[in-house]
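Here the structure comes first, spelled out in structure tokens, and everything after it is commentary.
FYI, it's all coordinate maths here, none of it is from the lab. Quick caveat: nothing in here was measured; it's all calculated off a predicted structure. Quick reminder, even Gly has a Cβ in these numbers, built from the backbone with ideal geometry, and neighbours come from all protein chains shown.
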Amino acid sequence: MSNQYVLPGEIEKRSFEILTKELGDRKFLPENEPVIKRVIHTTADFDYVDNLVFSEGAVTKAVEALKAGAGIVTDTQMALSGIHKSTLESFGGTARCFMSDPEVARLAKERQTTRAWVSMEEAARLPGRWIFAIGNAPTALILEKKVDPVLVIGVPVGFVNVVESKEEILKDPVPYIVARGRKGGSNVAAAICNALLYTAAGRTL
């Protein structure tokens, strides 16, 4: 079969049609479905159907907060770059990441800790309401102990302290979307943020 030139919008449309067909009769809570499907679209990994877990009403609470101007804090520049900022800004929100801040790097070295830890301490001082999207550093999940987040997106990827840190989030009364197990990543964190933003903007799959 010869390659065809397909516009990006058409690729996305076809991709969602394919993944919806492959999901078959699987049923999801309507509020969670756009998040699950966008993560699968981003990763081509259907394991997220079972790996993604949601606290009750997490998506609805996050969407309403975004509409009211809540911002998003990420633990990596990669996740930050993947967020659809124009949609976020249309609601009055901003996206922040402190990982590349020279002062954060200095303090982390001085205190012999991780930049992720210091970054979350900086984020905890931000005024206003925030979603915390963690796709890389499990130590960043200390944040729920320090702030009252709109939502914790806990999807760090890897082998060291990753599974344990995610399971700790599930024990706390903080709204969460968590990818259980080792899988995750900055791209997954950004995909979840975008699913929430598109839902807030009334964009359907």
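Some observations on this one:
- For the peptides 25-37, 65-77, 169-181, the ranking by packing is 65-77, 169-181, 25-37, with the highest mean count of neighbouring Cβ atoms within 10 Å listed first.
- In the list (1) 124; (2) 114; (3) 137, the label attached to volume of the Cα convex hull per residue in Å³ as derived from the coordinates here is (3).
- Contact order normalised by residue count of the range 1-105, Cα under 8 Å, 6+ apart, percent: 18 percent
- Sequence-distant lysines (8 or more away, or on other chains) whose Cα lies within less than 29 Å of LYS27: LYS13, LYS37, LYS61, LYS67, LYS166, LYS171, LYS183
- Summing Lys and Arg as +1 and Asp and Glu as -1 over all other residues whose Cβ lies under 11 Å from the Cβ of ALA195 gives a net charge of +1.
- Estimated from helical segments only, the mean residue ellipticity of the chain at 222 nm is -14000 deg cm²/dmol, where each DSSP H run of four or more residues counts as -39500 (n - 2.57).
- Bridge type composition, the chain - antiparallel percent by DSSP, nearest 5: 20 percent
- Whole-number percent relative contact order across the range 146-205, with pairs defined as alpha carbons under 8 Å at least 6 apart: 37 percent
- Around the Cα centre of the chain, unit charges on the Cβ atoms of Lys, Arg, Asp and Glu (plus for the first two, minus for the last two) sum to a dipole of about 220 debye.
- Normalised by the number of residues in the chain, the average gap of Cα pairs under 8 Å and 6 or more apart makes the relative contact order 25 percent.
- Helix 8-23 vs. the chain, principal-axis angle (Cα, 0 to 90°, nearest 10): 80 degrees
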